[in-house]
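**Q** Got a structure for you, written out below as structure tokens; questions coming shortly.
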Amino acid sequence: MRSRVDSSENGFRCNFLSFHRAMAKLAWLLLLLISLTVPGLQVWALKPPFHVRDVLPLLPRQVSWPILNRLNSAVDILPVFVGAASSPDNVLDWKGACFYKNTAWMVFHNKSLTEYGGGTLHLKVSDAHSWTCMDLYIFATPYRVTWDYYFLAREHTLEIKAWEGKAEYEYVKNHGLSIFLLQAGMLGTLQALWEVFPLFTNTGWGENSNINFLEKHMGASFEVRPQPWVTNVSTDDIHSGDFLAISKIRGRWGAFESLEKWVSGAYAGHTAVCLRDSNGKLWVGESGHENEKGEDVIALMPWEEWWDFELNKDDSNPHIALLPLHPDLRARFNESAAWEYALSMIGKPYGYHNMIFSWIDTLNGNYPPPLDANVVACVMTIWNQIQPEYAANMWNEALNKRLGTKGLDLPEVLVEVEKRGSSFDELLTIPEQDDWVYTDGKSTSCIAFILEMYKEAGLFGPIASSVQVTEFTIKDAYILNFFENNSSRLPKWCNDGDTVKLPYCQIKGKYRVELPGYNSMEPYSHMNERCPSLPPKYSRPKNC
């Protein structure tokens, strides 16, 4: 009996969907016939009952999905800041994805009979581009996030019964309620989610999705190397300070690295460094090694253990290049100082506190569209409500460092920065300081760990005290002119069997590791503190 009901329901759904597809096709056919048979009538000048974006999901998958994939991408899931609604005397207006004429204003009231009352957001939408489209919005203050969608052209309202307190009331009174548009609309957002999802899957589908994302949004190329795709490495040719650039292209870490590469311009997503001890044994230092508890920490491992993991256990399909130090810098490399630093950092957590601040250096030159500081604040607010402990670890303490305060949560940070006559986007650009100590110690990402070791080992020379390595992205590191520039001095096994001789040694990976700008920049004081990083060129001015 149960199976009959399920079968009937499935049949109903199938017939219902088939009906809508048939109606969509019929509507377009009628419009086409009208345009062909009625002299002088321009159908495209009328408001169509359907829009191509609205109808595509109802068409057969073989037809709709290739077109939707071109119309929408993973970044369409990100909201766009359209403005902040405040008093009726200062009406906000903008163009939406569905409704082209939109206005909004806030009316304060005290229907709740509380100390600070509440408010009603009035949002009037009109001039839809079709009869079937809708606009999807996120509304946020530092203390709350909500959402709504609008299908009908009329005045809509969003009711806030009571403000959280004086701080939220004054913030909205002075700065308004922030409004974010999901520019791809409901169906486009679902399609964008469909593009985001496979980035995180540990499958061939996920790997191809990450490759396509990087090709589309960064202009990266993935050239297949001749086999074998693993080099027979002789560790006798690896020295202290040699740099390991790693690019993961599938699974959870592959997805996170793809997003990191897109916003920063780096063509590698993870790094490690080589060290030899007094007995000549080769070790690998890495910030971001997962320990037995599942925590990402700083670790030192024998080369054999690290290499075995990358060959046989790392399911993210890592592509690895060894970047040997230049002989002159190798001669300056203070091994004992490097070891002292590395040993002092073992077991400390990965540098989540300052991870995003190496990327954000400018007010608007680091956010690939549709990202901006308002979207970052919105995402932080959402995350702060869903996982407050994680949010505090990711940015709250770092934001307090920049304000010179302690213990403020994200809403309080946003209010405090406005009180000081500054703005959140300005706060994000304040450079990280290497000597800042967080509640769990110094915070070093994978690249900051290596460059701090380079500082301790003497590679930055007299400018070391004026360089904040926590401001460096992975790209900022591999463009330093610290590495071998004479291919004849590279190990014999370097790029063995490859028809293209790279200026470094790729030791694993089906696709060639490309590092644009490799080994080209002399370090300088306050390097990378004010650098833009917009795709696809990721151009940077001199001495930024």
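The values are calculated or read from the model by the stated rules, or taken from the named source; none is laboratory data. None of these values were measured; they are calculated from a predicted model. Note that we place each Cβ from the backbone using ideal geometry, even for glycine, and neighbour counts take in every protein chain shown. Heavy atoms of the whole protein, side chains included, go into the accessibility calculation; ligands, DNA and RNA do not. Shrake-Rupley method; radii C 1.70, N 1.55, O 1.52, S 1.80 Å.
**Q** Being at pLDDT 90 or above and farther than 12 Å from K173 by Cα is the filter here; which residues of region 84-95 pass it?
**A** Within region 84-95, V91, L92, D93, W94, K95 meet the criteria.
**Q** Does region 467-476 contain at least one residue that is modelled with pLDDT of 90 or more and open to solvent by 50 Å² or more (accessible area, probe 1.4 Å)?
**A** No, the conditions are met nowhere in region 467-476.
**Q** I would also like to ask the following. What residue, among those in region 487-528 that are surrounded by fewer than 21 Cβ atoms within 10 Å (Cβ to Cβ) and aromatic (F, W, Y), is farthest from V469 (Cα to Cα)?
**A** The residue in question is W493.
**Q** Moving on to the next point. So which residues in region 124-146 are at pLDDT 85 or above and small (G, A, S)?
**A** Of everything in region 124-146, those that are at pLDDT 85 or above and small (G, A, S) turn out to be S126, A128, A140.
**Q** Looking at L427, L451, L408, L399 in this structure, which one is open to solvent by less than 20 Å² (accessible area, probe 1.4 Å) and over 20 Å from the mean Cα position of the chain (by Cα)?
**A** Unique residue meeting the criteria: L451.
**Q** Is it the case that T114 is open to solvent by 30 Å² or more (accessible area, probe 1.4 Å) and either touching a helix residue (DSSP H, G or I) at 6+ places or on another chain (Cβ under 9 Å) or not aromatic (F, W, Y) (or both)?
**A** yes
**Q** Applying the selection to region 377-391, what residues are open to solvent by 40 Å² or more (accessible area, probe 1.4 Å) and not aromatic (F, W, Y)?
**A** Scanning region 377-391 gives V379, I382, Q385, I386, Q387, P388, E389.
**Q** Say we look at region 435-448 and pick out the residues that are farther than 19 Å from S240 by Cα and crowded, with 20+ Cβ neighbours inside 10 Å; which of these is nearest to the chain's Cα centre (by Cα)?
**A** The qualifying residue nearest to the chain's Cα centre (by Cα) is S445.
**Q** Among the residues of region 156-174, is there at least one that is charged (D, E, K, R), farther than 29 Å from S422 by Cβ and at pLDDT below 90?
**A** No; the residues of region 156-174 include none that is charged (D, E, K, R), farther than 29 Å from S422 by Cβ and at pLDDT below 90.
**Q** Regarding N102, is this residue under 30 Å from L408 (Cβ atoms) and polar (S, T, N, Q)?
**A** Here the answer is no, as N102 does not meet what is asked.
**Q** In addition: Taking region 85-106 as the region of interest, how many residues are touching a His at 6+ places or on another chain (Cβ under 7 Å) and either assigned to a loop (DSSP other than H, G, I, E, B) or exposed (fewer than 13 other Cβ atoms within 10 Å of the Cβ) (or both)?
**A** 1
**Q** On to the next question. Would you pick out the residues in region 253-262 that are at pLDDT 90 or above and open to solvent by 20 Å² or more (accessible area, probe 1.4 Å)?
**A** Scanning region 253-262 gives a single hit, E260.
**Q** I need the full set of residues from region 477-486 which are in contact with a Leu (Cβ under 7 Å, 6 or more places away or on another chain) and either under 18 Å from A331 (Cα atoms) or open to solvent by 30 Å² or more (accessible area, probe 1.4 Å) (or both), in order please.
**A** F482, F483, E484
**Q** Can you confirm whether region 510-519 contains a residue that is assigned to a loop (DSSP other than H, G, I, E, B), at pLDDT 95 or above and polar (S, T, N, Q)?
**A** Scanning region 510-519, I find at least one residue that is assigned to a loop (DSSP other than H, G, I, E, B), at pLDDT 95 or above and polar (S, T, N, Q), so the answer is yes.
**Q** What are the residues in region 493-539 that are charged (D, E, K, R) and touching a residue at least 60 places away in the same chain (Cβ under 8 Å), if any?
**A** D496, D498, K508, K510, R512, E514, E529, R530
**Q** OK, next. List every residue pair whose Cβ atoms lie under 6 Å apart, where the two residues are 6 or more positions apart in sequence or sit on different chains, the first residue falls within region 207-221 and is of a type in the set (G, A, S), and the second residue, located anywhere, is open to solvent by less than 10 Å² (accessible area, probe 1.4 Å).
**A** Close Cβ pairs satisfying both conditions: S209/P198; S209/L199; A220/L214.
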